[in-house]
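Everything below concerns the one structure shown next.
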Amino acid sequence: MVSVEKEQLSSEALEAARVACNKYMVKNAGKEAFHLRIRVHPWHVLRINKMLSCAGADRLQTGMRGAFGKTYGTVARVEIGQILLSVRARDVHKPQVLESLRRAKYKFPGRQRLCVSNNWGFTKLPRERYEALQAEGRLVKDGINVKVLAPKGPLDSRTLSKLPLSMLGD
């Protein structure tokens, strides 16, 4: 799920979206069939300077003097195009994933888009490249991600296609 607006999402809205998405996925795909990640974190602290509105309150208030308020809540500041939620699952569960994210979308203010990634799981590798590197044995699992092992050996045996010919010399 990707944000289409620049906005602030409260920690309560993030939790409500997580619960809605998780509940639908557990019910329809199974507890072990998916992995949900919240990709934003509510670091920004909101504050409020409470003002009294009852009789005799003018003696207690200081107006805007020392107006640094008490903490009121936390929000995540979100940019346009920033990823909010990610779910990885097998291709057979794609309809359930899209439906769960659609339901979670209603917990947020503003507009969001549902996007299907071409990458393998939460990695930054496209599916075809991941499968090719896996077949070559050049991937090392690293939590939810993978590390690509660089080719080793003499430079003569490596492909230097990434370098311009002017750099290779005569």
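I want the local charge near ALA17. Using Cβ-Cβ distances under 9 Å, sum +1 for each Lys or Arg and -1 for each Asp or Glu among the other residues.
Details: positive: ARG18, ARG103, LYS105, LYS107; negative: GLU15.
Once positives and negatives cancel, what remains is +3.
Projecting each Cα onto the charge dipole of the chain (Lys/Arg +1, Asp/Glu -1 at the beta carbon, about the Cα centre), which of LEU46, SER11, GLY66 comes out farthest on the positive side?
Of the candidates, GLY66 comes out farthest on the positive side.
Relative to the longest principal axis of the C-alpha atoms of the chain, give the angle of the C-alpha long axis of helix 11-28, reported between 0 and 90° and rounded to the nearest 10°.
It works out to around 50 degrees.
How much length would be gained if the chain were fully extended between ILE48 and GLN8, taking 0.36 nm per residue of separation minus their Cα-Cα distance, in nm to one decimal?
Values: separation 40, 0.36 × 40 = 14.40 nm, distance 1.60 nm.
Residue separation times 0.36 nm, minus the Cα-Cα distance, leaves 12.8 nm.
How do 63-69, 37-43, 47-53 rank on mean C-beta neighbours within 10 Å, highest first?
Packing proxy ranking, top to bottom: 37-43, 47-53, 63-69.
Give LYS23/LYS141; LYS6/LYS105; LYS6/LYS31; LYS94/LYS147; LYS70/LYS105 a once-over and call out the pairs whose C-alpha atoms are over 22 Å from each other.
Details: LYS23/LYS141 29 Å; LYS6/LYS105 15 Å; LYS6/LYS31 33 Å; LYS94/LYS147 26 Å; LYS70/LYS105 30 Å.
Too far apart for the 22 Å limit: LYS23/LYS141; LYS6/LYS31; LYS94/LYS147; LYS70/LYS105.
If one takes the longest principal axis of the Cα atoms in the chain, at what angle in degrees, from 0 to 90 and to the nearest 10, does the Cα axis of helix 94-105 lie?
30 degrees
Considering the Cα trace of the chain, what is its radius of gyration and what is Dmax, both in angstroms?
24.6, 91
Rounded to the nearest 0.05, what FRET efficiency is calculated for ARG37 and LYS70 with R0 set to 45 Å and r the Cβ-Cβ distance? Don't skip to the end; give the middle numbers.
Details: r = 32 Å, r/R0 = 0.71.
Once the sixth-power term is evaluated, E becomes 0.90.
What order, most packed first, do the peptides 95-107, 76-88, 128-140 have when packing is the mean number of other Cβ atoms within 10 Å of each residue? Numbers along the way, then the final one.
Numbers: 95-107: 18.4, 76-88: 16.7, 128-140: 13.0.
Packing proxy ranking, top to bottom: 95-107, 76-88, 128-140.
Would you compute, from DSSP H runs of 4+ residues alone, the mean residue ellipticity of the chain at 222 nm, taking -39500 (n - 2.57) per run and dividing by the full residue count, rounded to the nearest 500?
On the way: 4 runs with 44 residues, N = 170.
My calculation for the chain gives -8000 deg cm²/dmol from helical runs alone.
Using the Cα centre as the reference, give the magnitude of the dipole from point charges on the C-beta atoms of the chain (Lys, Arg: +1; Asp, Glu: -1; all else neutral), rounded to the nearest 20 debye. Working shown, then result.
Details: 31 positive and 15 negative charges, 109 e Å.
The calculation lands at about 520 debye.
Nearest 10 degrees, 0 to 90: what angle lies between the long axis of helix 127-136 and the longest principal axis of the chain (Cα atoms)?
50 degrees
Once you have the Cα-Cα distance between ARG102 and VAL148, take 0.36 nm times their residue separation minus that, and quote the gain in nm to one decimal.
Residue separation times 0.36 nm, minus the Cα-Cα distance, leaves 13.2 nm.
Just the ratio, please: alpha-carbon radius of gyration of segment 64-157 over 2.2 N^0.38 Å, N its number of residues. It would help to have the intermediate numbers written out before the result.
Working: Rg = 20.9 Å, N = 94, 2.2 N^0.38 = 12.4 Å.
That ratio works out to 1.69.
Taking a virtual spin label 7 Å from the Cα of GLU79 along the C-beta vector, which residues in segment 1-35 bring their backbone nitrogen under 17 Å of it?
Taking a point 7 Å out along Cα→Cβ of GLU79, the residues of segment 1-35 whose backbone N falls under 17 Å are 2-9.
All of the numbers you see were taken from the coordinates with simple rules; none came from a lab. The shown structure was predicted, so the numbers you read here are calculated from the model rather than taken from an experiment. Note that each Cβ is placed from the backbone with ideal geometry, even for glycine, and that neighbours are counted across all protein chains shown.
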